Amino acid sequence: VSSSPSAQMLSLDQAAKRFGVRESAWAADLSPSGRKVVFLSAGPAASTVAKILDLETKKVTPIFGSNGKPESLEWCEFATEDQLICMYTAIDDIGGIQAGFSKLITLKADGTGQRSLGSKRAGFDMYTRQSDGSVLDWMPDDEGSVLMARTYVPKIEERATNIKDERLGLGVDRVELATLRSKVVEEPRRTASRYMSDGRGNVRVMAFSEFDGTDNLTGIIKYRYRTPGDRDWKPLGNYNHASETGIWPVAIEHSTNSVYVLEDLNGRDALYRVSLDGSETKTLVPSNDKVDIDGVVRIDRGLPVVGYMYTDDRARTVYFDPEIKKLGASLSRALPATPLIDFVAASRDAKTLLVHASADTHPGTFFVLDRATKKMEPLLLSREQLDGQQLAPVQSVSYPAADGKMIPAYLTMSKDGPAKGRPAVVLPHGGPSARDSFGFDWLAQFLASQGYAVIQPNYRGSAGYGDDFQGENAFRDWKTAMSDIAASAQYLVNSGIADANKLAIVGWSYGGYAALLSATLEPNRYKAVVAIAPVTDLSMLRRDSDDYISGKIDRDYIGTDGKNLRQGSPLQNASRIKAPVLLVHGDLDLNVRSSHSAKMADALRDARTPVELLRYPDLEHQLDDSNARAEMLTKIGQLLHRTIGK
């Protein structure tokens, strides 16, 4: 595995192909013995291949895959040394409504003996089952079996009209992988939405979703727990999606008989450990007065929690396990070019670790680490196609918003080219309650490879900075979010980095919405607009949620103020856009329906604004197809080169 830098600048065609290609290695897992690695690798176009790497022979063997149309392979993990469990996803039509499906299979590590782990069908399901289950517990003390959370639906016998099985809801089964025999561990409950185990085969926490009188989710989740050896459920706490208040369990630790939960403390998420012995003793683990705690760290599933994570200007991990703390520090020192260290997986005895190391200028490398000998060996590059390519450094910056609030952002800019007066791209993130963080970003790096300064603002409405910063949310309070995004462009100009006459804006999902809306609010600021899978009309987005049980939650999140919805909808204000627009959308997008882009394109054409719409019939929100991404990047590059130069 090599990664020697090269100063070679890429042509648009070269850059589009290299940055558009999906990863060569991701979703890696280590076998119980520590002698094999399973990982996913991009094949041609949207296809994905599962591969096994033998760490003794170094031989890589493809075992099976998916073509991405319609099924996409999401992950594979070792259940035993020679048995895998993998998950597919797909999108299909249910009565005219597109919906996502997931399917679990088990197979041998050589790819043979594929079998479905879904519930056996003795008859016909009365309702459509979108998921045939999820792995709840990998049962290290009962090798060859797993606990699965399964959705039960009533069945109708094939040769009769009477209902044979009336069970409905989410339950838990113990499944033997060799025989596929299953035993009910938790009877299905209609309102159960989540179970959590202790990693040793014991279901300890259950969540109930609250419904209103019309079968719509209210957004209230009620958590219950069990003490050891008891079958009765006791109240643990609630979570309210609307206000984002209450507890959110993230991990159960068998060794301490406790659950780790995130809960608000002074306007930011803090991490607590709650005893499950009946006392419900709550202990504050860490808190941060500037940002949220993101979650806990384990070196593998079911093992004790060894630390926690938070993100300020970059992702940080704090280890309270002394040995892992020492190991993490030594790895960062040993790999100065890729100091972002993630413990991916561990062998059953935890003596062999699978580690991923990356940086802003390096997509990452998977290593295997022998803890006894301290020997570490590189295995796989996350993006082979970028090996040897010099990437642009990322700098954490902040700038003043219109009201003086300092807004964090990331600036990506190649060392080649002028330090001042560059053409520049504003790249707001999606979500909207997400955030950008320090590290490799393939879209930002593509833009930087073409000579553009790229700023990624974490505008107000972004997650991770506390309740006040996130505010009501960036759909309801789009005015503040758009003002913060505009201020990022002004920062580039005021600092001399960018030429005020050479600015463009590019975004994906909410970022695409922000790009279009920014162009309606300030028609003269940007010379080009690119919107990938964008929301274009807030009222339409509200209507899109009508067919789902979470519709009320989604509609409340977007808001009800008619004036705010109209003013905050690019589609309703398309005639104000002056800059040429590129729209990109997959027709199987479940996050944002492709009709948003189609109607926006029509409105722009009616307004005689130059617009191009790229539609991909078989792709969803992320456009997971190397050919499609390469074409999209080519179109983006061509538009930017025409409008703001290179």
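The values are calculated or read from the model by the stated rules, or taken from the named source; none is laboratory data. This one's a predicted model, so the numbers in the text were calculated from it and none came from an experiment. In this analysis, Cβ positions are derived from the backbone assuming ideal geometry, glycine residues included, and neighbour counts consider all displayed protein chains. SASA here: full protein model, heavy atoms, side chains in, ligands and nucleic acids out. Shrake-Rupley method; radii C 1.70, N 1.55, O 1.52, S 1.80 Å.
For this structure, a couple of remarks:
- Excluding ligands, DNA and RNA, the accessible surface per residue across segment 321-406 is 47 Å² with a 1.4 Å probe.
- Of the solvent-accessible surface of segment 73-119, computed with a 1.4 Å probe and all protein chains present, 48% belongs to carbon and sulfur.
- Qualifying lysines (Cα of each under 26 Å from Cα of Lys234; at least 8 residues distant if same chain): Lys183, Lys222, Lys282
- Helix 478-494 vs. the chain, principal-axis angle (Cα, 0 to 90°, nearest 10): 50 degrees
- Per-residue [θ]222 nm for the chain (sum of -39500 (n - 2.57) over DSSP H runs n ≥ 4, rounded to 500): -5000 deg cm²/dmol
- Between helix 595-606 and the chain: long-axis angle, C-alpha atoms, 0 to 90°, nearest 10: 10 degrees
- Computed from backbone phi, the HN-Hα couplings of segment 371-377 come to 5, 6, 8, 6, 7, 10, 10 Hz, rounded to whole numbers (Karplus: 6.51 cos²θ - 1.76 cosθ + 1.60, θ = phi - 60°; Gly and Pro given as x).
- Extension reserve of the Lys420-Arg115 stretch, reckoned as 0.36 nm per residue once the Cα distance is removed: 103.9 nm
- Accessible surface of segment 357-461 [probe 1.4 Å, protein heavy atoms]: carbon and sulfur percent: 50 percent
- Spatially near lysine pairs across segment 326-433, Cα under 25 Å, sequence gap of 8 or more or different chains: 5
- The chain, relative contact order [Cα under 8 Å, separation at least 6], %: 11 percent
- Here each label is just a point 7 Å from Cα along the line to Cβ, and for Arg231 and Ser243 those points are 3.6 nm apart.
- Whole-number Å³ per residue for the convex hull built on Cα positions in segment 571-627: 80 Å³
- Computed over the chain, the alpha-carbon pair-distance distribution with 10 angstrom bins reads 3, 14, 24, 28, 21, 9, 1, 0, each value a whole percent.
- Eligible aspartates and glutamates near Lys563 by straight Cα distance, threshold 20 Å, same-chain separation 8 or greater: Glu472, Asp477, Glu522, Asp537, Asp544, Asp554
- For segment 596-646, the Cα gyration tensor yields ellipsoid semi-axes of 21, 19, 6 Å (square root of five times each eigenvalue, largest first, whole Å).
- The chain: angle of helix 322-334 to the longest principal axis, Cα-based, in degrees nearest 10: 40 degrees
- Count of Lys pairs (Cα-Cα under 19 Å; at least 8 positions apart or interchain) in segment 15-68: 4
- A viscosity of 1.567 mPa s and a temperature of 4 °C, combined with the Kirkwood radius over Cα pairs in Stokes-Einstein, give a translational diffusion coefficient for segment 496-595 of 91 µm²/s.
- When the inverse distances between all different Cα atoms of segment 235-291 are averaged and flipped, the Kirkwood radius reads 11.8 angstrom.
- Computed log₁₀ I(q)/I(0) - Debye formula, equal Cα scatterers, no solvent, segment 225-330, q 0.19, 0.22, 0.23, 0.24 Å⁻¹: -1.02, -1.26, -1.32, -1.38
- Stokes-Einstein translational diffusion, segment 447-511 - Kirkwood Rh over all Cα pairs, 1.002 mPa s, 20 °C, in µm²/s: 165 µm²/s
- Under the convention that each Lys and Arg Cβ holds +1 and each Asp and Glu Cβ holds -1, the size of the dipole of segment 188-347 around its Cα centre is about 460 debye.
- Excluding the site residues themselves, the longest part of the chain lacking any GluC sites (Glu not before Pro) in a DSSP loop with at most 11 other Cβ atoms within 10 Å is 167-646.
- Were the residues from Ala598 through Asp212 laid out at 0.36 nm apart, the gain over their Cα-Cα distance would be 135.5 nm.
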